[in-house]
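We did not get these values from a lab; they are worked out from the coordinates using the rules stated. It should be emphasised that the depicted structure is a prediction, and the values quoted were computed from it without experimental measurement. Neighbour counts are summed over all protein chains in view; Cβ atoms, including those assigned to glycine, are modelled from backbone coordinates with ideal geometry.
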Amino acid sequence: MGSLISHRSVSMSLKEMPMVLCWPWVHVAALQPASLAGSFTGQDLSYKDRHWHEGCFHCSQCKSSLVDKPFAAREDQLLCTDCYSNEYSSKCQECKKTIMPGTRKMEYKGSSWHETCFICHRCQQPIGTKSFIPKDNQNFCVPCYEKQYALQCVQCKKPITTGGVTYREQPWHKECFVCTACKKQLSGQRFTARDEFAYCLTCFCELYAKKCAGCTNPISGLGGTKYISFEERQWHNDCFNCKKCSLSLVGRGFLTERDDILCPDCGKDI
């Protein structure tokens, strides 16, 4: 949008200055200089080394007089404020009316609004310089957008405006999606569930995993972990070894002596 520049005409008596030609008549005077000399009387109006008769100093479009009125100059044309605004000023996206120079306007992605027209589509309150969210060619203040469109966290029931995670097709804030036992955030971490409650691996193993008969540590069974089960006892694959010679018994025959497991060679003397 071009800036509107206000000017006032400058007048003086013809006796006080040498003869100059009125700007609209310059080209005509070049053809007929003698016939124009002394043809006009009255005030000389000047702007940027150009001169006008008082009766010739008017808007290039509507022809209204610009004497003692603000005006704008564009490409050698003088325009009144109304014509300049209609021709070059922005149009409000909402009311489609001209945004007059000097008035406050709001701009977003090439569109302009009167300050009073830039309002929330839902509550109809002015947005001003506050944060807003565009949706389907409409603008919403943040509270209204959250009420109408934002997902609600299944844990705290508050809107999820950024980020969030989905578990079992339900939305959660990242900070609300935590281990049932230790309350550490599970977003981006490996976890498992029991009775629809989520647990980090550490808590799940401590609470529910079977203990290895060899090392007594939990056997999670997650992530493809392999283990051996025999008579209600379990071993990590790496722990399923002969008690005497430590030979791995995975995929081999073995013997038992009380709580111990033995390879056939070590158990033949039992």
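Distance cut-off 24 Å, Cα to Cα: go down the list K157/K210; K158/K184; K91/K135 and report the pairs above it.
Checking Cα-Cα distances, K157/K210 exceed 24 Å.
How about segment 234-267: which trypsin sites (Lys or Arg not before Pro) there lie in a loop by DSSP and see at most 15 other Cβ atoms within 10 Å?
K244, R252, R258
Arranged from highest to lowest average of other beta-carbon atoms within 10 Å per residue, in what order do the peptides 50-60, 66-76 appear?
With the highest mean Cβ count within 10 Å placed first, the list reads 50-60, 66-76.
³J(HN,Hα) across segment 244-250 via Karplus (A = 6.51, B = -1.76, C = 1.60, θ = phi - 60°), whole Hz, x for Gly/Pro?
8, 9, 6, 5, 5, 9, 5
Where in segment 228-270 is the amide nitrogen less than 16 Å from a point lying 7 Å along the Cα-to-Cβ axis of K211?
232-236, 259-260
Around C144, with a cut-off of 12 angstrom between Cβ atoms, what is the net charge of the other residues, counting Lys and Arg +1 and Asp and Glu -1?
Surrounding charge for C144 is +3.
How do 162-173, 108-119 rank on mean C-beta neighbours within 10 Å, highest first?
For the peptides 162-173, 108-119, the packing ranking is 108-119, 162-173.
Step through the residues of segment 117-124 one at a time and calculate ³J(HN,Hα) from phi using the Karplus curve (6.51 cos²θ - 1.76 cosθ + 1.60, θ = phi - 60°), rounding each to whole Hz and writing x for Gly and Pro.
With coefficients 6.51, -1.76 and 1.60, one gets 8, 7, 10, 6, 5, 8, 9, 6 Hz.
Ordered by packing density, taken as the mean number of other Cβ atoms within 10 Å over each peptide's residues, highest first, how do 79-89, 125-135, 196-206 rank?
Details: 79-89: 19.0, 125-135: 13.8, 196-206: 16.7.
By packing density, highest mean first, the sequence is 79-89, 196-206, 125-135.
Which lysines, on any chain, are close to K243 with Cα under 18 Å apart, when same-chain ones fewer than 8 places away are left out?
Those lysines meeting the cut-off are K211, K268.
Just to confirm my numbers, what's the Cα centroid distance between segment 105-135 and segment 237-256 in Å?
Each part's Cα centre sits 74 Å from the other's.
Could you tally the net charge around H114, taking each other residue with its Cβ under 9 Å from the Cβ of H114, Lys/Arg +1 and Asp/Glu -1?
Working: positive: K97, R104, K105; negative: E94, E115.
Taking every Cβ under 9 Å from that of H114, the sum is +1.
Only bridges whose two residues both fall in segment 81-152 count here: according to DSSP, what percent of them are antiparallel, nearest 5?
Around 90 percent of the beta bridges assigned by DSSP in segment 81-152 are antiparallel ones.
Straight-line reach only, C-alpha to C-alpha below 13 angstrom: list the aspartates and glutamates that K105 could link to, leaving out same-chain residues fewer than 8 apart.
E94, E115
Quick check: net charge around Q93, other residues with Cβ under 12 Å of its Cβ, Lys/Arg +1 and Asp/Glu -1?
+3
7 Å from Cα along Cα→Cβ at both E87 and S65: what's the point-to-point distance in nm?
2.1 nm
Rounded, prolate or oblate for segment 144-270? Axes are the square roots of the Cα gyration tensor eigenvalues, ordered a ≥ b ≥ c, and the cut-off for rounded is a/c under 1.5.
prolate
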